[in-house]
1. Just grab the label-to-label distance for I13 and W129, each label 7 Å out from Cα along the Cβ direction, in nm (one decimal).
2. For region 111-175, state what percent of all Cα-Cα pairs lands in each successive 5 Å bin, counting from 0 Å until the bin that includes the largest distance.
3. Over region 19-177, what relative contact order in percent results from Cα pairs under 8 Å that are six or more residues apart?
4. Largest first, how would F14, F118 line up by accessible area (1.4 Å probe)?
5. Between (1) -0.25, -0.92; (2) -0.30, -0.94; (3) -0.40, -0.86, which matches log10 I(q)/I(0) by the Debye sum over Cα atoms at q = 0.08, 0.15 Å⁻¹ calculated for the structure shown?
6. From largest accessible area down, sort E117, E172; use a 1.4 Å probe on the protein chains.
7. Whole number please: convex hull volume per residue, Cα atoms of region 97-211, in Å³.
8. How big is the gap, in Å, between the Cα center of region 17-77 and the Cα center of region 118-195?
Amino acid sequence: MPAPLICLALAAIFALIYLLRHAGGPQSRAKSVSKTAAVVALVPMAGLAGAPLPILAGLALGAVGDFALSRDGQRAFLVGMAAFAAGHLAYLWAFLDLGAMPSGWTIALIALGLSTEFWLLPRTGGLCWPVRGYIWIIVAMAAAAMGLPGGLWPVIAGSAAFVASDMILALELFVLRDARAKLFASRALWVLYWGGQALIGWGAGASMAAG
């Protein structure tokens, strides 16, 4: 089996463990290990597949964010959000290098960002400004992703899944109150998030190899 596929398989095993045993559950060492390892293993996968350095940096920063968000407390949340914001900026850099151009999706994504002023930000309390800043960073990343050449469809699809996972996370953290709804949200966002990261890493590597 090619080395990138071995790394992807290992990442998928940890991702499945997290989904079945820890998503939506209390903080624990096992939860932190499985969640972080599921994305850490994507870094060598993407590197061996030929992905550019900013993509590897985005994946690595995502792993840092995953570890932080698997811990309790506002400080851990802010560290995790900062790591993910930096990861999105790394992806933005990579997408521009890969040929991203303005597209019709930009207006829709700006509208989505503006909508959070009504359904999300009033619920975030003292985290309002950090959350607002994060929103516009991911909007910029997603707008660049939507403007990539069609041959990079795995990266485009992965970025869209990442945005969807962040929306579900926002609902889970600040809007939903029902325990069953929060559990379903945790599992859905993990599938979208990890799948999105895997598609971004694999798709960027495949595009470089083809080029």
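The values are calculated or read from the model by the stated rules, or taken from the named source; none is laboratory data. Since we're looking at a predicted model, the values are computed, not measured. Every residue, glycine among them, receives a Cβ derived from its backbone with ideal geometry; neighbour counts consider all protein chains shown. Surface areas here come from the heavy atoms of the whole protein model, side chains and all, with no ligands, DNA or RNA. Shrake-Rupley method; radii C 1.70, N 1.55, O 1.52, S 1.80 Å.
1. Result: 4.6 nm between the two label points.
2. Result returned by the calculation: 4, 17, 27, 23, 14, 8, 5, 2, 0.
3. Averaging sequence separation for qualifying contacts and normalising by length gives 20 percent for region 19-177.
4. Values: F14 60, F118 170 Å².
Of F14, F118, the descending order of accessible area is F118, F14.
5. Only one option fits the structure, namely (1).
6. From most exposed to least exposed: E117, E172.
7. Details: hull volume 10.9 nm³, N = 115.
So the per-residue hull volume is 95 Å³.
8. 16 Å
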